[in-house]
Amino acid sequence: MHTPEAAPGAPIATHCPYCALQCGMNLRPTPGGDGVTVEERADFPVNRGALCGKGRTAPAVLSSRARLTEPLVRGDSGRLEPAGWEEALDKVAEGLARTRRTHGNDAVGIFGGGGLTNEKAYALGKFARVALWTSQIDYNGRFCMSSAAAAHQRAFGLDRGLPFPLEDVPRTGCVILVGSNPAETMPPALRFLTELKANGGTLIVVDPRRTRTAEHADLHLAPRPGTDLALALGLLHLIVAEGRTDEEFIAARTTGWEEARAGAMAHWPELVERITGVPVPRLREAADLFCAPSTAMVLTARGPEQQSKGTDTVGAWINLCLATGRAGRPLSGYGCLTGQGNGQGGREHGQKADQLPGYRKLTDPAARAHVAGVWGVEPDSLPGPGRSAYELLDALGGDVRALLLMGSNPVVSAPRAAHIEERIRSLDFLAVADVVLSETAALADVVLPVTQWAEETGTTTNLEGRVLLRRRALTPPPGVRSDLDVLHGLAARLGVEKGFPTDPEEVFEELRLASEGGPADYSGITYARIEAEQGVFWPCPAGSPGAPRLFLDRFATDDGRARFAAVTHRDAAEMPDAEYPLLLTTGRVVAQYQSGAQTRRVPELNEAAPGPFVELHPRLAARLGIDDGAPLAVVSRRGRAVAPARITDTIRADTVFMPFHWPGAGRANTLTNPALDPVSRMPEFKTCAVRVETA
Ligand SMILES: Nc1nc2c(c(=O)[nH]1)N[C@H]1C(S)=C(S)[C@@H](COP(=O)(O)OP(=O)(O)OC[C@H]3O[C@@H](n4cnc5c(=O)[nH]c(N)nc54)[C@H](O)[C@@H]3O)O[C@H]1N2
Ligand SMILES: Nc1nc2c(c(=O)[nH]1)N[C@H]1C(S)=C(S)[C@@H](COP(=O)(O)OP(=O)(O)OC[C@H]3O[C@@H](n4cnc5c(=O)[nH]c(N)nc54)[C@H](O)[C@@H]3O)O[C@H]1N2
Ligand code: SF4
Ligand SMILES: [Mo]
């Protein structure tokens with residue numbers, strides 16, 4: 001049973017457990033004293049009190065019957081059975097140590113999550129390097145914003161999703177929103193777009209579906225999935241041809257224009273129309289709307305990013321901003337709308353395969369020396385970079401034989417999921433820390449029940465780069481421990497007695513030191529400051545006020561100039577053919593979150609979104625003789641999924657769409673293609689070839 005932390009009547013100010021908007025909310029202890037209710041918190045500027053249904057119902061997960069409240073260990077019967085914490089932790093430490101002894105350090109893997117707090121992500125990365133000495137750590141953020149992150153690094157020398165606060169969005173002249181559906185994925189953020197329009201700004205939405213977001217647009221472009229790179233090049237072509245580039249800005253603040261320009265010039269409008277399906281007049285309209293005002297922004301999300309050319313695609317959209325002088329200036333620029341609760345902070349502090357805290361590179365000798373100093377180990381003892389998320393999951397049961405998983409549910413969310421599920425089943429040892437028995441946890445040898453959100457304190461960094469404090473509002477049920485406790489207990493059993501504190505603020509104090517001087521410098525941020533200032537924007541060295549707006553004077557590259565990307569269009573890894581004539585794209589609905597592990601436990605959300613479906617156009621349905629609601633099989637080279645048809649003219653006739661929130665027969669990821677972007681190692685969740693038949 002839960003016990004509230006505050007006196008009855010006193011609300012605790014905190015943030016939502018789910019997406020990267022990290023809406024502010026108050027938690028008020030219930031009169032009976034056994035839980036909390038969510039209340040409006042109007043003072044937080046990002047959502048000003050507004051919440052979506054997931055945020056409003058978040059406490060239901062913690063008190064759900066599905067909530068794990070004691071460790072589970074797979075017994076001789078083959079079933080998961082309740083066990084004590086000492087036994088469970090002993091088993092995990094043994095499982096990991098045995099594999100290490102027999103197969104070497106890199107046979108032990110760790111898979112983390114972008115929902116974990118900064119403190120947890122930091123501790124998990126440190127645990128891999130100093131308690132297990134393994135290079136094999138990565139996390140689900142690789143499946144999320146890694147292409148935008150790579151493009152950011154390449155263009156600007158720094159990866160912070162938005163280089164400006166969301167409050168700047170309504171004040172710019174034009175926003176191109178590419179493959180982002182905030183009406184479903186960040187409802188309170190829709191306000192920034194409606195205010196933009198009320199202020200006289202224009203909104204262009206690029207999405208193969210006329211989404212609820214696209215309905216707000218002045219112009220909706222519906223390209224074929226996987227063709228955003230050509231679209232961006234086509235727009236730049238028109239802008240160059242019409243002499244609308246900002247030559248002064250290009251000369252003063254960028255490098256690489258000639259090659260980028262050549263790439264765009266090779267994509268004349270008629271060719272782009274053929275590739276994307278977007279008519280030339282619509283392209284011209286978009287170029288006009290973008291160039292007319294003196295300020296403009298391009299915002300991308302998973303649509304253009306989750307492609308095997310996601311990095312180049314984002315690069316092409318950044319090129320458009322640079323060529324028109326719409327970057328590094330007030331109220332203008334490129335931004336990526338990061339997804340998970342701590343999608344930004346979770347990509348900065350070392351749970352990524354190639355990374356040390358503070359967004360430092362694991363291959364940089366100075367970074368290794370600095371972080372090793374904070375950790376009290378020899379720089380040479382730190383392993384090198386490991387495999388990316390999909391490659392790590394694909395190696396399970398082969399080179400990597402034991403896995404500790406925290407904050408992800410890859411059985412549902414990984415591409416080519418049936419294969420990944422089979423890889424997970426072939427492990428010698430799997431331990432999962434979770435709040436509920438996710439589909440992946442159900443396969444584990446040991447399941448560790450952990451605290452989450454309202455039951456613990458910790459920081460997250462929202463999509464704006466604003467570091468926030470979530471505060472504990474409830475005493476967790478007995479039998480449940482925090483992820484930090486888990487790592488502390490495991491490290492001790494692996495012979496590392498010190499360096500894994502269980503108090504989040506103590507971990508944050510160490511993270512400050514480890515990040516000091518790095519690109520994502522948190523050294524000037526404290527819990528007290530976050531609370532006093534409604535969050536603090538990094539980079540924030542000691543004494544700094546924080547940095548809501550980046551790049552206004554210089555970009556973060558060595559020479560201070562932004563770098564154009566030399567890119568040209570290429571096809572998706574899999575194109576439609578006679579056998580698989582349609583394109584499948586995947587995404588989200590408002591009432592479910594990710595693999596659904598949490599939101600499928602909330603009755604109100606399940607009623608709103610009870611199961612998977614396949615969106616298809618009436619023309620396609622008529623051709624196939626399919627009625628609305630009839631079971632439909634979608635078949636790709638990876639497998640077959642079955643879900644009811646949802647017939648709608650809001651989707652292109654050559655494309656079908658499935659949300660990915662459910663396991664079982666309707667699992668969208670049974671179908672998806674794990675073709676990886678060569679730079680970001682992002683899988684191609686947004687495009688694969690399929691055929692559709694009656695089930
Ligand atoms: N309700 C809800 N909200 C969420 C989440 C959730 O699971 N549920 N998850 C959170 C997380 S982690 C993330 S990453 C964000 C994701 O937020 P979004 O990126 O907004 O979500 P998606 O639905 O994955 O994709 C957005 C749109 O991309 C379109 N799209 C598909 N293929 C293409 C393409 O080739 N090109 C273009 N331009 N568009 C394409 C889809 O039709 C879809 O409307 O949402 C966050 N918020
Ligand atoms: N087809 C398709 N697949 C996709 C996508 C897509 O658009 N299309 N999007 C991709 C994207 S952007 C993302 S981000 C991934 C997300 O997919 P997943 O990585 O599976 O994310 P979640 O479902 O949020 O899984 C988080 C798990 O951690 C648990 N959890 C929550 N909080 C904590 C905590 O504090 N500690 C611990 N130990 N556990 C916790 C939850 O209960 C849940 O089981 O899916 C990717 N997969
Ligand atoms: S928009 Fe995101 S952060 Fe806000 S309430 Fe909904 S899920 Fe939570
Ligand atoms: Mo994500």
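Here are a few things to note about the model shown:
- Number of the exception - L236 against (1) within 16 Å of ligand 4 (Cβ to nearest atom); (2) outside any loop (DSSP other than H, G, I, E, B): (1)
- Flag for S408 being among the polar types (S, T, N, Q), within 16 Å of ligand 1 (Cβ to nearest atom) and modelled with pLDDT of 95 or more: yes
- If you check E505, E497 for being out of contact with any Pro (no Cβ under 6 Å at 6 or more places or on another chain), open to solvent by 10 Å² or more (accessible area, probe 1.4 Å) and not in a loop (DSSP other than H, G, I, E, B), only one passes: E505.
- Top-ranked residue in the stretch 29-47 [being in a loop (DSSP other than H, G, I, E, B) and without any contact (Cβ under 8 Å) to a residue 24 or more places away in the chain; ranked as nearest to ligand 1 (Cβ to nearest atom)]: E40
- Qualifying residue in the stretch 318-339 (condition: within 16 Å of ligand 2 (Cβ to nearest atom), in a helix (DSSP H, G or I) and touching a residue at least 24 places away in the same chain (Cβ under 8 Å)): no
- When R212, R191 are screened for being in contact with a helix residue (DSSP H, G or I) (Cβ under 7 Å, 6 or more places away or on another chain) and surrounded by fewer than 24 Cβ atoms within 10 Å (Cβ to Cβ), only R212 passes.
- If the condition is being in contact with a Gly (Cβ under 8 Å, 6 or more places away or on another chain) and within 12 Å of ligand 1 (Cβ to nearest atom), then the stretch 633-653 contributes only R652.
- Taken residue by residue, the stretch 495-503 has at least one member that is touching a helix residue (DSSP H, G or I) at 6+ places or on another chain (Cβ under 7 Å) and among the hydrophobic types (A, V, I, L, M, F, W, C).
- Within the stretch 578-616, considering residues that are away from ligand 4 (no atom under 16 Å from the Cβ) and of a type in the set (D, E, K, R), the one farthest from the chain's Cα centre (by Cα): E579
- Members of the stretch 640-657 that are assigned to a strand (DSSP E or B) and touching a residue at least 40 places away in the same chain (Cβ under 8 Å): V642, I651, T655, V656, F657
- Residue match in the stretch 669-683 (condition: within 26 Å of the chain's Cα centre (by Cα), open to solvent by less than 40 Å² (accessible area, probe 1.4 Å) and within 16 Å of ligand 3 (Cβ to nearest atom)): no
- Cβ pairs under 7 Å, 6+ apart, first in the stretch 53-66 and without any contact (Cβ under 8 Å) to a residue 40 or more places away in the chain, second open to solvent by less than 10 Å² (accessible area, probe 1.4 Å) and more than 13 Å from ligand 1 (Cβ to nearest atom): G55/M25
- Of the residues contained in the stretch 288-297, none is found to be assigned to a helix (DSSP H, G or I), modelled with pLDDT of 95 or more, among the acidic types (D, E) and open to solvent by less than 10 Å² (accessible area, probe 1.4 Å).
- Selected residue (only one of A608, A573, A566 is open to solvent by 40 Å² or more (accessible area, probe 1.4 Å), within 14 Å of ligand 1 (Cβ to nearest atom), in contact with an Asp or Glu (Cβ under 7 Å, 6 or more places away or on another chain) and in contact (Cβ under 8 Å) with a residue 24 or more places away in the chain): A573
- Filter pass, A13 being open to solvent by 20 Å² or more (accessible area, probe 1.4 Å) and outside any loop (DSSP other than H, G, I, E, B): yes
The values are calculated or read from the model by the stated rules, or taken from the named source; none is laboratory data. The structure presented is a predicted model; accordingly, all values stated were derived computationally and were not measured. Note: ideal-geometry Cβ built from the backbone for every residue, glycine included; neighbour counts use all protein chains shown. All accessible areas refer to the heavy atoms of the entire protein, side chains included, with ligands and DNA or RNA removed. Shrake-Rupley method; radii C 1.70, N 1.55, O 1.52, S 1.80 Å.
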